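**Q** Quick one: this structure, given as structure tokens, is what I'll be asking you about.
Bear in mind that the values in this text are calculations on the coordinates, not laboratory data. Quick caveat, the model's predicted, so the values are computed rather than measured. Every residue, glycine as well, gets a Cβ built from its backbone with ideal geometry; the counts of neighbours run over all protein chains shown.
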Amino acid sequence: MREQIYSRIMKRVLERDGWRCQKCGSLENLQVHHRTKRSQQGDDALANLVTLCAYCHMAEHGQLCYAGDRTPQGMKDPGEGHPRLNPKKLTST
Ligand SMILES: [Zn+2]
């Protein structure tokens, strides 16, 4: 039940944001990001949600550092215009 409500909210967020990542404008791999985590009193209000592509979403959560050079499963190269996020590599010279 709750999931049904949630997917409806997500769709409204996507429609509000024009089905574009609000960071890089990507139209693919869209996800809905909670600006404020639910554990931090964030709620499912539309104002608390923003459309991000999987890339920017991961960056938002700081997970790209861990992912290294590996592309997340099922993700295509975001292509031109997408900000390249360069995870810092540990270079020992
Ligand atoms: Zn993006």
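**Q** In nm, to one decimal, how far is the LEU27 label point from the HIS61 one, both placed 7 Å along Cα→Cβ?
**A** Result: 2.6 nm between the two label points.
**Q** At ARG8 and ALA45, where each label point lies 7 Å from the Cα along Cα→Cβ, what is the point-to-point distance in nanometres?
**A** For the pair ARG8/ALA45, the computed spacing is 2.0 nm.
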